[in-house]
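Here is the structure we will look at.
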Amino acid sequence: MEKNSTTDATPLFSGEAWFDPIEAELRERIRGFLEEMVEQEATAALGRSRYQRGASAGYRNGTRSRRLLGSFGPVEIVVPRARLFAPDGPNREWQSAVLPRYARMTRQVEALIASAYLAGTNTRRVKRALGALFKGSIGKDVVSRVWRKVKTDWEAWTRRNLAQEDIVRLILDGSVVRVRLDRKATNISLLVVLGVGRDGQKILLAVRNMGGESEAAWRGVLDDLVARGLRSPEFLIIDGAAGLEKALAALWPEVPTQRCTVHKHRNLLAHAPDALHEEISADYNDMIYAKTAKEIETRRKSFIRKWRLKCRAVADSLQEAGERLFTFTRLPESQWKSARTTNAIERLHQEFKRRIKTQTVLPSAETAAMLFWALLASGQITMRKVDGWQTLPEKLIPQCIDLAA
């Protein structure tokens, strides 16, 4: 009978199971390694080792204890103190570059804590989840401190120069999130701008709360992007909001613009009773997802004729969108799928909501925007290239379908 050598009679979550002699020995060796590394750094700065005679750039000044939290767990190490001579003026205290002043944890631990938080775990749950690994050294204050460091990176990202970004397409939409304003849970709109590079890769360019989706709000976001070096794109995909359309018309009036076909579908259904929704959807999808521009043109004319008689408000709503609903037909057919809708932002929003569902209400509008960015920056959410990216260099054909009904 074979014996399973991996079987351990000690229950996994019993007190004894948390002590691992391998971990304990490894932590002890790490302590010695860290102390030796800082000692060598001090020796190099002073120009001589301990007890060595001769010229020196300074002198030793005892030792002190430092507590450091790493992926190996918490360790207590003894580090040297020293003072360096100054050519003119008082001596200055030597500072270790390996172990900076006030550093309490390694960058890897900070990244781990931030990742756990971004994965949908609130501050108290991070403490419980990482408590055993770090021997209770992780509390909600530590998580908050790490999050403040993330905020510094976020502020740098919002100011970064965009002149080197080769953006050929923009996708713009609003994303509604729930935050706490004046002690009340309130829905706000985050204005999101995705760029598509010439290589087809999607890039988050902006996510901001501007108080709404008015023309002034969108213009504020777009003007900031232009001021940071964003060049005029070659194609725009929008949700159809009136404020956004006006802002783009004022800034880039000549850039071809595609109105999201999914948003227009919702508009059509809102103009008809529930009993007609299934039929409207079938006719609309047959038109939008037809194989060729000629088929789309034919089915659009049939749609208008049919619904003028059956429910005129539906036909009028489709005509209101005009040629912007079919701008995608000017692109190579391999790009149609990615160019018809703002689904790239919709998918990001869905993933964002899934990650923050444990928090229900975010503490502020700024936190919501920063968290949206951090999920992408940390790799918790990834974006793939757009469909048909190989044909992005191709020029648009001059005109889309004939809109004459």
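The values are calculated or read from the model by the stated rules, or taken from the named source; none is laboratory data. Keep in mind that what you see is a predicted model, and the values were worked out from it rather than measured. Cβ coordinates were reconstructed from backbone atoms using ideal geometry, including for glycine residues, and neighbour counts include every protein chain displayed. To get the accessible areas, we keep the full protein, side chains included, count just its heavy atoms, and leave off ligands, DNA and RNA. Shrake-Rupley method; radii C 1.70, N 1.55, O 1.52, S 1.80 Å.
How large is the translational diffusion coefficient of the range 247-298 in µm² per second when you combine the Kirkwood radius over alpha carbon pairs with Stokes-Einstein at 4 °C and 1.567 mPa s?
The Stokes-Einstein estimate is 100 µm²/s.
State the three equivalent ellipsoid semi-axes of the range 252-334, derived from the C-alpha gyration tensor as the square roots of 5 times its eigenvalues, in descending order and whole Å.
22, 14, 11
Working from the alpha-carbon coordinates of the range 283-399, get Rg over Rh, Rh being the Kirkwood radius.
Expressed as Rg/Rh, it is 1.11.
For the range 213-282, which trypsin sites (Lys or Arg not before Pro) pass both filters: DSSP loop (anything but H, G, I, E, B) and at most 14 other C-beta atoms within 10 Å?
R231
Given a 1.4 angstrom probe, what's the average accessible area per residue across the range 267-353, in square angstrom?
Roughly 49 Å² per residue, with all protein chains present.
At a 1.4 Å probe radius, carbon and sulfur cover how many percent of the accessible area of the range 275-405?
Answer for the range 275-405: carbon and sulfur cover 50 percent of the accessible area.
Quick check: residue separation of D402 and R48 times 0.36 nm, minus the Cα distance between them. What number comes out in nm?
119.0 nm
Can you sort M383, M370, M210 by solvent-accessible area, 1.4 Å probe, largest first?
M210, M383, M370
Hey, could you pull the Cα Rg and Dmax for the range 153-192, both in Å?
When restricted to Cα atoms, the range 153-192 yields Rg and Dmax of 14.9, 42 Å.
DSSP loop trypsin sites (Lys or Arg not before Pro) in the range 169-204 with at most 16 other Cβ atoms within 10 Å of their Cβ, which ones?
Here the sparse-neighbourhood loop sites are R183, R198.
Please give me, ordered by residue number, the trypsin sites (Lys or Arg not before Pro) of the range 305-405 that lie in loop per DSSP and have at most 15 other Cβ atoms within 10 Å.
When the trypsin sites (Lys or Arg not before Pro) of the range 305-405 are filtered for loop state and at most 15 Cβ neighbours within 10 Å, K357, R384, K395 remain.
Mark the label point 7 Å from the Cα of A249 along Cα→Cβ and return the residues of the range 200-225 whose backbone N is within less than 14 Å of it.
Counting only backbone N, you get 215-216.
If I take R0 = 56 Å and measure r between the Cβ atoms of A97 and R266 in this structure, what FRET efficiency does the formula 1/(1 + (r/R0)^6) give, to the nearest 0.05?
The formula returns an efficiency of 0.50 here.
Return the FRET efficiency for the residue pair E295, K151: r is the Cβ-Cβ distance, R0 is 51 Å, and the value is rounded to the nearest 0.05.
0.50
Can you bin every Cα-Cα distance in the range 192-296 into 5 Å intervals starting at zero and give me the percent of pairs per bin, rounded to whole numbers?
Using 5 Å bins, I get a P(r) of 2, 10, 16, 20, 16, 13, 12, 8, 2, 0, 0 for the range 192-296.
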